[in-house]
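A short worksheet on the structure shown next.
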Amino acid sequence: MKKILFTLTVLLAIVGGVTFVTTSTVTAQAAKKHYTVVPKSLRGHWRQYNAKKHGYDKVIFTKWQWKTKNAGQRKWYTLSGKKFKVARRVGGSPWYSDLAISKAKWGYNVGQSYSDEWPYWKKVRHNGKTALRCYMPPLGPGKGRASYYYHK
């Protein structure tokens with residue numbers, strides 16, 4: 001009788017241990033998505049006359065998008081703060097939005113995530129009117145910097 005009771009106790013302990021291991025909850029960490037919002041000072045439709053191409057370069061900032069089109073082009077170049085891509089990088093969230101905006105002393109650096117050499121945008125007064133300044137810092141030694149002004 002003692003052998004049967006001992007065997008049942010051992011068997012019950014094994015079944016209980018297996019049940020505990022299989023039913024324990026695993027907490028999976030969901031990947032956080034960071035939406036990029038355009039600052040209110042940049043939002044609107046802006047344009048600049050391009051004398052070389054005899055047309056207007058256009059920029060549109062909405063709450064979630066940045067769209068630009070040079071004079072003579074048919075298609076808009078668009079970056080969205082709501083569209084996501086997967087990045088294989090160390091640490092942090094693997095998801096990032098197409099649009100990246102960071103604040104600097106020259107204004108807001110607006111461009112595609114994880115890329116270089118995007119212009120800075122800042123709302124300023126130019127010739128007595130509200131304008132959006134596009135500032136391109138020098139891209140290398142001996143290169144000049146440029147500023148363009150877009151008006152509503």
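Tabulated results
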{"quantity": "Under 9 Å, Cβ to Cβ, from residue 68 - net charge with Lys/Arg +1 and Asp/Glu -1", "calculated": "+2"}
{"quantity": "Footprinting exposure proxy for 41, 97 (fewest neighbouring C-beta atoms within 10 Å first)", "calculated": "41, 97"}
{"quantity": "Using θ = phi - 60° and Karplus 6.51 cos²θ - 1.76 cosθ + 1.60, couplings along region 59-65 (whole Hz; Gly, Pro as x)", "calculated": "9, 10, 10, 10, 4, 10, 9"}
{"quantity": "Modelled FRET efficiency - R0 35 Å, residue 49 with residue 102, Cβ distances, 0.05 increments", "calculated": "0.75"}
{"quantity": "Ranking of 79, 139 by count of other Cβ atoms within 10 Å, fewest first", "calculated": "139, 79"}
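The numbers here are math on the coordinates, done by the rules we state, and not lab data. These figures come from a predicted structure and were not determined experimentally. Because the Cβ atoms are built from the backbone with ideal geometry, glycine has one as well, and the counts that use them run over all protein chains shown.
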